[in-house]
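Student: Okay, here's the structure, questions in a sec.
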Amino acid sequence: MKPTSCVPHVLFLPGLLNDASLFQKQIDVLTAVTTTEVADLTQSDSIAGMADSVLKNTPEAPCVLVGLSMGGYVAFEIMRRAPERVASLVLLDTSARPDTPEATAARVALMKLAETDLEAVFEQLMPRLSHPLRMNLPAVRGVVHSMMSSLGKDVFIRQQGAIMTRPDSRPELARIQCPTLVICGRQDLVTPPELAEEIAHGIPDARLSIVEDSGHLSTLDQPDEVSTLLLEWVRNIKC
């Protein structure tokens, strides 16, 4: 179905070892009102490099920028570099904070494990990525496993290196002037709701939506609710 009104292009920024499958349900809904695209964040080993690639390879017209987890870190970098390219911002299950020493140590351990056993990495990560009652559903577990298997260990190691060296985005939150929606799963163990609240309170007039019965990958755990939130949001952003 062709878009029915002038709504900005929606650009999705996926998370660690995620591809377009992470947002497929949302894409299916949004194509009724606008065009969509999923950026490739697999080639760079830094958040800055990822942001540069996105800005180089996507249309210059202002878009609705949607970033989940690592994609949110890239979105913050794009806001620092080219805020004029963003008509509206949606941040899902992400953080404005830099990595903690504890988190970095855990990443390094997983990077070492991934060298020889990516399947073991998947099994360790899955309980942290999804709600306990959702994580074994084919629409969640199967999709996550497919994405991780397809992208592989080299992308995992490269992206983990970028994530653990990301900058602190909290000082720039107040400078974000575009309409912003912050979404977080109630049971997100990776970037819990208090981090979403911190972002929403830091960005002027940001809206916060907590998704019940959802872990870190809210687009998979509660695809219908997240799709509805995004559809309502983008419909109110005009070209």
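Student: Would you pick out the residues in region 172-197 that are touching a helix residue (DSSP H, G or I) at 6+ places or on another chain (Cβ under 9 Å), farther than 25 Å from residue 147 by Cβ and open to solvent by 50 Å² or more (accessible area, probe 1.4 Å)?
Tutor: Matches in region 172-197: 174, 175, 177, 179.
Student: For residue 219, only one of the following conditions fails: (1) under 18 Å from residue 15 (Cβ atoms); (2) surrounded by fewer than 17 Cβ atoms within 10 Å (Cβ to Cβ). What is its number?
Tutor: Of the numbered conditions (1) under 18 Å from residue 15 (Cβ atoms); (2) surrounded by fewer than 17 Cβ atoms within 10 Å (Cβ to Cβ), the odd one out for residue 219 is (2).
Student: Which of the residues that make up region 1-57 are assigned to a strand (DSSP E or B) and either surrounded by 18 or more Cβ atoms within 10 Å (Cβ to Cβ) or of a type in the set (A, V, I, L, M, F, W, C) (or both)?
Tutor: Across region 1-57, the qualifying residues are 10, 11, 12, 13, 36, 38.
Student: Condition first: basic (Lys, Arg) and either assigned to a helix (DSSP H, G or I) or farther than 11 Å from residue 76 by Cα (or both). Now tell me which residues in region 161-176 satisfy that.
Tutor: Scanning region 161-176 gives 170, 175.
Student: Can you report the number of residues in region 184-211 which are touching a strand residue (DSSP E or B) at 6+ places or on another chain (Cβ under 8 Å) and not hydroxyl-bearing (Ser, Thr, Tyr)?
Tutor: Total satisfying the criteria: 17.
Student: Of the conditions (1) assigned to a helix (DSSP H, G or I); (2) closer than 30 Å to residue 133 by Cα; (3) under 15 Å from the mean Cα position of the chain (by Cα), residue 153 satisfies every one except a single condition; which number is it?
Tutor: Only one criterion is unmet by residue 153, namely (3).
Student: Can you spot a residue in region 118-131 that is of a type in the set (A, V, I, L, M, F, W, C) and either in contact with a strand residue (DSSP E or B) (Cβ under 7 Å, 6 or more places away or on another chain) or in contact (Cβ under 8 Å) with a residue 60 or more places away in the chain (or both)?
Tutor: yes
Student: Looking at region 58-89 only, could you name the residues that are farther than 23 Å from residue 191 by Cα, small (Gly, Ala, Ser) and either open to solvent by 20 Å² or more (accessible area, probe 1.4 Å) or under 11 Å from the mean Cα position of the chain (by Cα) (or both)?
Tutor: Matches in region 58-89: 61, 87.
Student: For region 96-117, name all the residues that are assigned to a loop (DSSP other than H, G, I, E, B), open to solvent by less than 70 Å² (accessible area, probe 1.4 Å) and charged (D, E, K, R).
Tutor: Scanning region 96-117 gives 99, 117.
Student: For region 1-57, give me the residue count where each residue is of a type in the set (Val, Ile, Thr), within 18 Å of residue 143 (Cβ to Cβ) and under 17 Å from the mean Cα position of the chain (by Cα).
Tutor: 4
The values are calculated or read from the model by the stated rules, or taken from the named source; none is laboratory data. Keep in mind that what you see is a predicted model, and the values were worked out from it rather than measured. So basically every Cβ, Gly included, is an ideal-geometry build from the backbone, and we count neighbours across all protein chains shown. Ligands, DNA and RNA are excluded from the accessible area calculation, which covers all protein heavy atoms including side chains. Shrake-Rupley method; radii C 1.70, N 1.55, O 1.52, S 1.80 Å.
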